[in-house]
1. Search region 134-177 for residues being small (G, A, S) and in contact with a Gly (Cβ under 8 Å, 6 or more places away or on another chain), and hand back the single one that is farthest from G115 (Cα to Cα).
2. Looking at Q411, is it modelled with pLDDT of 95 or more and of a type in the set (S, T, N, Q)?
3. Of the residues in region 213-235, how many are within 26 Å of the chain's Cα centre (by Cα) and within 21 Å of S170 (Cα to Cα)?
4. Among F305, F314, which is surrounded by 15 or more Cβ atoms within 10 Å (Cβ to Cβ), more than 17 Å from the chain's Cα centre (by Cα), within 22 Å of A60 (Cα to Cα) and in the same structural domain as Q88 (by TED's automatic domain parsing)?
5. Restricting to region 244-280, count the residues that are among the hydrophobic types (A, V, I, L, M, F, W, C) and either within 23 Å of V203 (Cα to Cα) or modelled with pLDDT under 95 (or both).
6. With respect to L253, determine if the residue is under 30 Å from N168 (Cβ atoms) and under 20 Å from the mean Cα position of the chain (by Cα).
7. Can you tell me which residue within region 52-74, out of those that are more than 25 Å from the chain's Cα centre (by Cα) and surrounded by fewer than 15 Cβ atoms within 10 Å (Cβ to Cβ), is farthest from N368 (Cα to Cα)?
8. Identify the single condition in (1) in contact with a Lys or Arg (Cβ under 8 Å, 6 or more places away or on another chain); (2) crowded, with 23+ Cβ neighbours inside 10 Å that N270 does not satisfy, given that it satisfies every other one.
Amino acid sequence: MNLPDTKKVARSCKTLLAGLLWLFVACSDLPAQNLPPVAKTVDSLVLAYPFINMAKNVVANDSAVMDAFYEKLWELKQGKRDRVTVVQIGDSHIQADFFSGKMRQNLQRQFGNAGRGLVFPYRIAKSNEPTSYKTSNTGSWTYKRNVFEDQALPIGICGFTVQTADTNASIVLKVYDQPGLNYGFNKMTIFHSKEQSSFQLSVCTEFNCMMAQVPRGGEKFTSVVTLDSLMHTVMFNFAAPDSMAKEISLYGLLLENGKPGVQYNMIGVNGAECSDYNASVYFMEQLVLLKPDLVIVSLGTNEGFAPGFKKDAFQQNMDILIRRLQQNLPESKIMMTTPGDSFKRGKKGRVKNPNMTIVRNTMVDYCNTNTLPFWDLYMVMGGYGSMAKWYVSGMAQKDRLHFTRKGYELQADLFYAALMKGYEKYVSQHHNQK
């Protein structure tokens with residue numbers, strides 16, 4: 001009796017599992033109702049929500065710092081530049097990508113679509129994922145996000161890391177178009193471990209699992225894969241080419257389409273504070289590789305909810321993060337957004353959180369002292385206690401801390417209007433255009 005070759009059986013099982021995973025993701029369609037409608041004008045939205053303070057809806061300190069960024073946007077619009085790259089760093093308000101996703105769409109419809117940008121397989125890390133793409137996986141994985149200090153994995157560009165020691169593991173990524181925007185990609189920059197102890201990574205299509213094999217070595221953190229045509233779905237497989245290969249760590253994926261326009265990258269981590277990004281070993285080193293023209297820091301909420309909140313500690317950690325960004329990204333412009341108003345749990349239910357006022361004032365003072373541009377969401381919302389009105393209007397969740405999709409997208413429209421106000425003023429003054 002001839003026994004089957006165990007290696008062939010293992011390979012067959014892996015192929016079957018990968019095929020089933022591919023079929024599952026490729027056949028999964030995003031429900032039409034989840035696609036965001038084309039936004040109404042900000043003016044019409046504000047008529048519905050008179051508590052919004054439009055007088056505060058500006059980018060403060062923008063002329064001192066933002067002129068160089070506005071010039072790049074103008075050059076992009078004139079066909080004199082191929083790319084403007086934005087990175088927004090934040091917490092749970094950003095990870096869902098409702099705010100940043102709407103900003104991405106607004107800017108790309110105006111200045112061109114350079115691709116979906118940075119993505120991460122949050123589902124493997126047991127966390128929520130943006131609705132504009134979907135990942136699925138097979139095999140055994142470990143994971144960490146930067147708020148978990150007691151776990152050993154190093155943190156990279158997305159604030160998360162996933163790792164597998166299972167050669168039967170695989171990931172399928174499917175990206176969804178948005179209204180008027182094709183998010184197909186023909187170039188991927190994969191952020192991953194590349195030591196001799198790392199697995200070899202293969203990129204597969206539905207018909208070709210040898211489309212691209214990513215070698216170990218070379219650039220420290222990144223491998224670039226170019227495709228013959230725009231793709232919306234790809235699979236990643238892993239193999240041990242020799243006895244030294246034990247595992248692989250993934251830090252993120254950058255998706256591009258080769259076209260001129262804006263690349264708007266979201267980096268969000270539920271529960272994150274400035275100190276968590278400061279402690280992320282590979283975060284800054286990998287962020288540099290994006291070469292951002294503008295970095296938007298949207299943090300502060302979790303500091304304001306932390307037990308024993310201390311203003312001085314918050315300011316120190318914020319200063320460390322900003323100075324590290326400035327030192328490592330000397331050509332990038334840095335700006336901040338203040339967190340919105342919020343409530344906290346009290347003995348008699350949800351009550352206003354006065355710490356958010358302290359966080360907001362600390363950030364504004366810091367920005368004014370250091371001539372940093374900022375957008376003051378706290379005051380645009382209506383200031384202290386305004387979260388109650390946002391909740392009654394259906395723009396905030398029951399916790400009065402997080403917003404609904406409608407609320408986040410309204411914030412994005414307001415922020416975009418403030419940014420464009422500064423941009424149009426710059427263009428009028430420097431290029432005699434209206």
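1. So, considering only residues that are small (G, A, S) and in contact with a Gly (Cβ under 8 Å, 6 or more places away or on another chain), the one farthest from G115 (Cα to Cα) is A169.
2. Here the answer is yes, as Q411 does meet what is asked.
3. Residues that pass the stated criteria total 13.
4. Testing whether each residue is surrounded by 15 or more Cβ atoms within 10 Å (Cβ to Cβ), more than 17 Å from the chain's Cα centre (by Cα), within 22 Å of A60 (Cα to Cα) and in the same structural domain as Q88 (by TED's automatic domain parsing) leaves just F314.
5. Total satisfying the criteria: 7.
6. For L253, the condition - under 30 Å from N168 (Cβ atoms) and under 20 Å from the mean Cα position of the chain (by Cα) - is met.
7. M54
8. Only one criterion in (1) in contact with a Lys or Arg (Cβ under 8 Å, 6 or more places away or on another chain); (2) crowded, with 23+ Cβ neighbours inside 10 Å is unmet by N270, namely (2).
The values are calculated or read from the model by the stated rules, or taken from the named source; none is laboratory data. Being a predicted model, the structure only gives us computed values, none of them experimental. Ideal geometry is used to build each Cβ from the backbone, glycine not excepted, and the neighbour counts take in all protein chains shown.
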